[in-house]
Structures are given as structure tokens and as C-alpha cells.
Amino acid sequence: MGNGGGGPGPRSPFRRTVLRRVVPAVAAAGIGIGTFAGFAHGSERQAAAADFPTWGTRWVVHATADVSSPSVGMINKSAAGQDRITADYQVDTGHKVCEGNACSTFMAHITGPVSGFLTVVAVDIPQDRLPGVPAQGGPQPPQPGGTRQEVLNRAATWLTANGGSQVPYNQNKVWKDGYRQDCSGYASMALALPTPGTNTVGLATDRALTRPISLGELKPGDLLIDADGDNNNRHVVIFEKWTDDAHSAYTAYEQRGGHGTDHRSLTYGLPGGDAEFKPYRPVAYGD
């Protein structure tokens, strides 16, 4: 099971039944609720943050409220119930996920220990939805953007998505998640844009997607784009962070020919680097 990769370890069906039907007070005792300012799909919102126990092993955390969306991490990766999750809202996807006699159509948006969406079936509670956590109804399509960290998390998934290796580069093929295996398809995947992905020119010129910024404004999740020339010369990379205080280089995620997905130090767009690259900010971040 595990919602698209991996699955929970074995657990007594009887114990699962008892937890869900007989002792809700015991499960609720492990829940702490507070309030904080969080981000959902790039917009600021106030929500109740609740802490819950989990069960089983290898539950996949997804990029969006869709079990077919890319993995951004895993809960209980090596031991059953080793992680607790913090959730700020939940989505009724309309798609039922079951493990044993426990089923739910809800996916929780979690902010820790990994940011993303997790099926509520992975949470050790007697209900089929999270108590005391705001719910959004109806199936939710992938939304552009998300938080900067969510974008970087999605970018990192392609480093190991090919059986532990990087996704190979190809302008004419799409990966298992539906995104084109070139630089702009990769950036579109990280930004959760519609499949198979926007091309490099679109990423640079569509003001519903990005806006130009200065090099000094670059923040994690921003883009550096060379939109000139033909499709063999254009390129886009995802900025992660500066490598030094002098801003002489930065680390970035990219999908490059002859290699595939990479995470390395670059100087594209910097003085002494490739001057064709210009910095852009996805408008979904809201800043």
C-alpha cells in the first residue's frame, strides 16, 4: 500500500479495529492542538495545527492531495510508528484509500516531519478524518506553486526516482508522473503545473506563472532561465541557495542533457557566468 510507493508494515487487524471503533479517547490523548500561520498553495492562512501518532511503515507523503502525485518523502521509513505528524488542514479527495479494515478519502496536509500530503489512513486514530482539523471538500487538482520548500522537495524527488538514480533527460518522453523529462518539464513538475509541463519560453514570459526579479532578490525556489535560441539552447534551473556570502555561485536543481536530474553548484546568470540566464520568481509564492 503506502499510497503510491512502499507500504505499512504488518499490524494486527484486531488492534486496528479496536483503535478505530472502541477507544477514541486513548488516541485523542496523544493529540496536541495549537494555532499558527501557515501556507497552503502559496497563500497565507491561519489554521489549527494538530499533532497525531502514526502506525505502520513506509507511508508515502505526496506533493499534492492526489495519490498519483510525486513523492516528497516518507513517514515511518524504517520503523513502525516512529514518526508523529503535524497537520494544518485536510482534503476530501473523493478517492478511497484502505489498509485492512481502515479506509479514508481524506489526505492531510502535513507540515512535519515532512511537508506534503499524507493519507489519513496512516494516522493512528479511530476516525476516518482528523479530528479538530479544518477540511476542504471535493477532489483537489494539483495547484501551482506551494511553499518554496515544497517546490524544492518535489525537485529533489527526481534525483532518485529512477530506481534510486536520477531521471534521464529526454525532450520527447514523459516520466511516470506525466511530466516531460527535459528542463522545463522538470521545473513544471517542481512547481506542480499541469502535465506534461510548460516550455522554457512559457516559464519566462507567462506573467501568470513568473515575474522578472533581480539577482539580489533570489530566494529558494526561484528560477534562472535562458529563454533565447532554440530548444537545444534554452534552459531553466531551480535556485536553492547561495554557496557563499559573496554570491559567487549558488546550488540549484536542474534537468540537463547527457546527465538527467542534478543538484550542483552553478554560476548561470552571474557575473562571469552565462549572461543569457535571467532570474524569475513564481507568482504563486505571493511575494
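The table that follows gives values for the structure above.
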quantity	calculated
Qualifying residue in the stretch 244-252 (condition: assigned to a loop (DSSP other than H, G, I, E, B), touching a residue at least 12 places away in the same chain (Cβ under 8 Å), within 17 Å of Ala155 (Cβ to Cβ) and open to solvent by 10 Å² or more (accessible area, probe 1.4 Å))	no
Any hit, the stretch 261-281, residues being of a type in the set (S, T, N, Q), surrounded by fewer than 16 Cβ atoms within 10 Å (Cβ to Cβ) and closer than 21 Å to Glu150 by Cα	yes
Every residue from the stretch 253-270 that is in a loop (DSSP other than H, G, I, E, B) and either within 13 Å of Gln181 (Cα to Cα) or of a type outside the set (A, V, I, L, M) (or both)	Gly257, Gly258, His259, Thr267, Tyr268, Gly269
Among (1) loosely packed, with under 13 Cβ neighbours inside 10 Å; (2) touching a residue at least 24 places away in the same chain (Cβ under 8 Å); (3) not in a loop (DSSP other than H, G, I, E, B) - the single one Lys241 does not satisfy	(2)
Residue in the stretch 77-89 that is touching a strand residue (DSSP E or B) at 6+ places or on another chain (Cβ under 6 Å), among the aromatic types (Phe, Trp, Tyr), within 23 Å of Trp175 (Cβ to Cβ) and outside the structural domain of Thr160 (by the TED database) present	no
Tally, over the stretch 75-104, of residues that are crowded, with 19+ Cβ neighbours inside 10 Å, in contact with a Lys or Arg (Cβ under 7 Å, 6 or more places away or on another chain) and on the phi < 0 side of the Ramachandran plot	3
Answer residue from the stretch 146-192, given it is closer than 21 Å to His109 by Cα, open to solvent by 10 Å² or more (accessible area, probe 1.4 Å) and charged (D, E, K, R) and is farthest from the chain's Cα centre (by Cα) among those	Asp177
Every pair of residues 6+ apart whose Cβ atoms lie under 8 Å, when the first sits in the stretch 260-287 and is under 15 Å from Thr205 (Cα atoms) while the second is aliphatic (A, V, I, L, M) and assigned to a helix (DSSP H, G or I)	Lys278/Ala204; Pro279/Leu215; Tyr280/Leu203; Tyr280/Ala204; Pro282/Val151
Residue within the stretch 52-73 that is surrounded by 15 or more Cβ atoms within 10 Å (Cβ to Cβ), more than 16 Å from the chain's Cα centre (by Cα), modelled with pLDDT under 90 and not in a helix (DSSP H, G or I) present	no
Some residue of the stretch 148-167 being polar (S, T, N, Q) and modelled with pLDDT under 90	no
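The values are calculated or read from the model by the stated rules, or taken from the named source; none is laboratory data. Remember, predicted model here, so these are calculated numbers, not experimental data. Because the Cβ atoms are built from the backbone with ideal geometry, glycine has one as well, and the counts that use them run over all protein chains shown. With ligands, DNA and RNA removed, areas are computed over all heavy atoms of the protein, side chains included. Shrake-Rupley method; radii C 1.70, N 1.55, O 1.52, S 1.80 Å.
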